[in-house]
Amino acid sequence: MADSAKTSERGIEQLQLLEQNIQNLLLQKQQIQSQQVEVENALEEVQKAKGNVYRIVGNVMVAGDKEEIKKELESKKEVVLLKLKTYEKQETQLRERASKLQEEVLAQLQNEKGVKK
């Protein structure tokens with residue numbers, strides 16, 4: 001009986017840890033989504049630009065080639081989308097693990113409750 005209680009406790013601790021991991025992942029995913037919006041907006045502005053196009057290098061704004069900047073932004077967008085897909089895949093895996101663990105812990109707790117009666 002004491003072993004099953006310890007097993008349940010360990011399961012609950014693991015579940016809490018998984019939930020923390022999910023929260024951390026969601027924060028990272030949110031940052032990547034921000035980057036995605038930023039890159040897409042910059043790309044849109046570069047495409048609309050009729051005159052000079054500038055980029056920020058350190059603390060200085062310098063003129064750049066429109067096509068070169070457009071290619072860099074498209075490349076950056078691809079990288080951001082790849083990262084986003086990776087985070088989404090990790091989130092799905094973590095949520096599946098958490099769900100499975102939650103079911104196991106609940107089953108253990110119900111078994112303990114049944115043994116105590």
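Odds and ends about this structure:
- Degrees separating the helix 2-48 axis from the principal Cα axis of the chain, which is the longest one: 10
- Sites Leu82 and Asn52 - FRET efficiency at Förster radius 25 Å, r taken between beta-carbons, to 0.05: 0.20
- When the Gaussian network model of the chain links Cα atoms closer than 10 Å, the mean-square fluctuations of Ile69, Ile12, Ile56 top out at Ile56.
- Against the chain, whose longest principal axis is taken from its Cα atoms, helix 66-116 shows a tilt of about 10°.
- Net dipole in debye of the chain [+1 Lys, Arg Cβ; -1 Asp, Glu Cβ; about Cα centre; nearest 20]: 180
- Dividing the summed helix terms, -39500 (n - 2.57) for each DSSP H run of n ≥ 4, by the number of residues in the chain produces a 222 nm estimate of -31500 deg cm²/dmol to the nearest 500.
- Dipole-positive endmost among Asn24, Leu84, Leu73 within region 1-89 (Cβ charges, Cα centre): Leu73
- Entry for Cα Rg over 2.2 N^0.38 Å (calculated from the structure that is shown) out of [x] 0.96; [y] 1.22; [z] 1.80: [z]
Readers should treat all values here as calculations from the given coordinates under stated rules, not as data from a laboratory. Note that the coordinates shown come from a computational prediction; the quantities given were computed from them, not determined experimentally. Because the Cβ atoms are built from the backbone with ideal geometry, glycine has one as well, and the counts that use them run over all protein chains shown.
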